[in-house]
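Colleague: For reference, the structure I am asking about is given below.
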Amino acid sequence: MKNHVTRRNFLRGVSAGAAGLSLPAKAARLLAFPSSPAEPKPASLDKRSVSGQTSTRNRLMNKLYLSEEGNVVPTLCEEVTNYRRVRKVLDLPSTASAGTLFILARPHASASPPLRLSVNGVEQPPLPAGSTSTAYYWHSTEVNPSGLRRGANTFEFWTEAPAMTAWSLAIEAGHPNPQSFVSDDGGKTWRNRKMAYLNVLSGEYVVRMRLGEGQDPPPPAMVWEDPSNPRLKRLRTIAPSAALAPGTLMDRVRALTSWLSASWEYTNSGRAAQYAPWDAETILEWGKAKSGQDGQRPIVMCVHYAVCLVSFCQALGIHARPAVLTGDISGGAGHFVAEVWFPEFKKWVMVDPNEDAILWKNGVPLSIPEIRAEGSNIAPLIQWGPGAAFQQSFPAMQAWVKGVYLPGVCFRHRGIWPRADFLSHPELTPSCHGSTAYCETGIVWEKADLQSGFGMFPYFGSPEYFDAPPAQG
């Protein structure tokens with residue numbers, strides 16, 4: 001997953017030719033737009049950071065303020081120029097310490113002019129384009145407490161480019177009265193409708209603030225598929241016979257992973273633009289046909305193998321959940337797998353249906369934390385299934401496995417998507433997960449990740465949260 005955008009760049013570099021969880025409540029309420037804010041004035045910051053890294057002081061901050069859920073369609077986002085400027089309004093409490101501002105944005109090129117910004121009319125140091133990626137990544141900067149105020153705070157962004165050739169800002173569509181605004185006349189007039197670069201939607205820009213005041217909400221409980229959903233019965237008619245036959249749980253799971261891994265060629269956002277929805281039957285058909293919505297080649301990548309496995313497992317009465325992996329929230333290699341509950345071992349076992357792999361040690365399958373504990377020496381622990389031969393027949397995938405998977409890079413950070421009801425509630429699934437840096441607020445990360453640059457997310461779980469067996473009934 002994530003940074004499938006990162007995995008996309010890796011695969012591109014090797015061979016270009018190969019290869020909503022909806023929050024129960026908004027973390028920031030929407031406000032009336034303040035009239036006639038002051039023109040930006042120069043100012044300085046104590047400390048700043050880019051690409052999602054936070055200062056030591058910021059690590060103590062414990063609440064994220066936001067008004068969107070990170071459901072971003074990267075092909076329909078916002079462009080900023082010197083004339084086309086954008087604003088985001090967030091409701092914040094009084095604060096005595098600096099806050100960290102997170103912006104999901106994409107420079108067009110490493111040589112793009114910097115992204116300029118102001119906070120409540122006071123201009124801040126600009127954000128450079130950098131040289132690592134021109135995909136949607138997290139950029140962050142520290143804001144002095146003197147620049148923030150209780151109530152509505154206005155964050156404005158623009159560049160010096162006259163055309164849409166410098167920076168794109170991520171936007172989440174579907175907000176009828178957003179507290180995000182766009183101007184086409186350099187800031188003289190503003191509107192919160194007909195937004196994004198084609199002027200076709202109303203939405204919220206993906207801009208968030210973490211402060212020391214407040215407390216992040218507890219992570220949500222896992223939600224499973226409705227067992228009476230008729231589509232589960234349909235999946236049982238599609239599943240391979242070896243997964244249906246009497247046998248051990250491991251044999252049935254391996255039958256599913258080997259079948260899925262060999263069902264279609266991994267295709268990410270570096271090779272296609274139309275994202276396949278989290279619907280197992282649609283993924284299988286689009287992946288095999290290499291044709292999806294509007295006849296375009298679909299994005300069907302590692303997240304889609306895992307989504308299929310989770311749905312098919314539930315159809316067969318097996319508890320499985322989606323797991324998010326990444327080496328670094330903004331720049332490290334990412335992946336998406338599943339975790340399957342094995343009562344025999346009393347733990348969630350990492351199952352990778354994209355690579356058709358499970359890791360074992362001393363005759364016991366490993367969980368993600370156990371894999372991580374092995375460090376960079378995981379290659380001898382991998383038991384590949386027959387589907388791996390198909391996946392690794394593509395040179396780019398071979399290189400990704402060698403450079404990212406075998407050294408264990410993608411296992412450094414783990415989160416879960418706490419919903420497995422993709423068929424019952426497709427409206428709550430992410431719109432384009434993995435096509436940008438991870439940004440969906442529904443992901444639950446491990447508590448230690450809050451201190452590792454993951455402060456742009458609201459949910460963090462304890463080991464007990466991740467290790468708990470699936471609730472029965």
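The values are calculated or read from the model by the stated rules, or taken from the named source; none is laboratory data. Nothing here was measured: the structure is a model prediction, and the numbers come from that model. When we count neighbours, we look across all protein chains shown, and the Cβ atoms used for this are built from the backbone with ideal geometry, even at glycine.
Colleague: Residues in the stretch 163-171: is at least one among the small types (Gly, Ala, Ser), assigned to a loop (DSSP other than H, G, I, E, B), touching a Cys at 6+ places or on another chain (Cβ under 7 Å) and at pLDDT 95 or above?
Modeller: Taking every residue of the stretch 163-171 in turn, at least one turns out to be among the small types (Gly, Ala, Ser), assigned to a loop (DSSP other than H, G, I, E, B), touching a Cys at 6+ places or on another chain (Cβ under 7 Å) and at pLDDT 95 or above.
Colleague: Still on this structure: Condition test on residue 403, is it on the phi > 0 side of the Ramachandran plot and at pLDDT below 95?
Modeller: no
Colleague: Could we say that residue 283 is of a type outside the set (Gly, Ala, Ser), in a strand (DSSP E or B) and either outside the structural domain of residue 434 (by TED's automatic domain parsing) or farther than 30 Å from residue 464 by Cβ (or both) here?
Modeller: Values: of a type outside the set (Gly, Ala, Ser): yes; in a strand (DSSP E or B): no; either outside the structural domain of residue 434 (by TED's automatic domain parsing) or farther than 30 Å from residue 464 by Cβ (or both): yes.
No; evaluated as a whole, the condition is false for this residue.
Colleague: With the requirement that a residue be within 15 Å of residue 439 (Cα to Cα), touching a strand residue (DSSP E or B) at 6+ places or on another chain (Cβ under 6 Å) and among the small types (Gly, Ala, Ser), what does the stretch 66-102 give you?
Modeller: If the condition is that a residue be within 15 Å of residue 439 (Cα to Cα), touching a strand residue (DSSP E or B) at 6+ places or on another chain (Cβ under 6 Å) and among the small types (Gly, Ala, Ser), then 67 is the only one that fits.
Colleague: Moving to a separate point now. Look at residue 338 and say whether it is in a helix (DSSP H, G or I), modelled with pLDDT of 95 or more and of a type in the set (Gly, Ala, Ser).
Modeller: Answer is no for this residue.
Colleague: Now a separate question. Report, ordered by the first and then the second residue, all pairs with beta carbons closer than 8 Å, sequence separation of six or more or different chains, a first member in the stretch 241-254 that is over 16 Å from residue 387 (Cα atoms), and a second member that is of a type in the set (D, E, K, R) and not in a helix (DSSP H, G or I).
Modeller: Cβ pairs passing all conditions: 249/344.
Colleague: Evaluate the stretch 295-302: report whether one residue or more is of a type in the set (D, E, K, R), outside any loop (DSSP other than H, G, I, E, B) and assigned by TED's automatic domain parsing to the domain that holds residue 340.
Modeller: No.
Colleague: While we're looking at this one, here's another question. Among the numbered criteria (1) more than 20 Å from residue 432 (Cα to Cα); (2) within 23 Å of the chain's Cα centre (by Cα); (3) not in a strand (DSSP E or B), which one does residue 134 miss?
Modeller: Every condition holds for residue 134 apart from (1).
Colleague: Moving on to the next point. Where residues in the stretch 343-377 are basic (Lys, Arg) and out of contact with any Asp or Glu (no Cβ under 8 Å at 6 or more places or on another chain), which of them is surrounded by the most Cβ atoms within 10 Å (Cβ to Cβ)? So that I can check it myself, show each step before the final result.
Modeller: Here is the first cut: in the stretch 343-377, the ones basic (Lys, Arg) are 346-347, 361, 372.
Keeping just the survivors that are out of contact with any Asp or Glu (no Cβ under 8 Å at 6 or more places or on another chain) gives 346, 372.
Values: 346: 9, 372: 17.
Among those residues, the one meeting the criterion is 372.
Colleague: For the stretch 191-242, what are the residues that are on the phi < 0 side of the Ramachandran plot, part of a loop (DSSP other than H, G, I, E, B) and touching a strand residue (DSSP E or B) at 6+ places or on another chain (Cβ under 7 Å)? Give the derivation first.
Modeller: From the stretch 191-242, those on the phi < 0 side of the Ramachandran plot are 191-193, 195, 197-198, 200-213, 215-242; that's our starting set.
Going one step further and asking which of them are part of a loop (DSSP other than H, G, I, E, B), we end up with 192-193, 197-198, 200, 202, 206, 212-213, 215-222, 224-229, 239-240.
Answer for the stretch 191-242, where residues must be on the phi < 0 side of the Ramachandran plot, part of a loop (DSSP other than H, G, I, E, B) and touching a strand residue (DSSP E or B) at 6+ places or on another chain (Cβ under 7 Å): 192, 197, 202, 206, 213, 215, 216, 219, 222.
Colleague: For residues that are in a loop (DSSP other than H, G, I, E, B) and modelled with pLDDT of 95 or more, scanning just the stretch 244-265, find the one that is surrounded by the most Cβ atoms within 10 Å (Cβ to Cβ). Break it down into steps so the answer makes sense when it comes.
Modeller: Start the filter on the stretch 244-265 by keeping residues that are in a loop (DSSP other than H, G, I, E, B), which leaves 245-248, 262-265.
Of the ones still in play, those that are also modelled with pLDDT of 95 or more are 248, 262-265.
Details: 248: 10, 262: 16, 263: 17, 264: 22, 265: 17.
This residue is 264.
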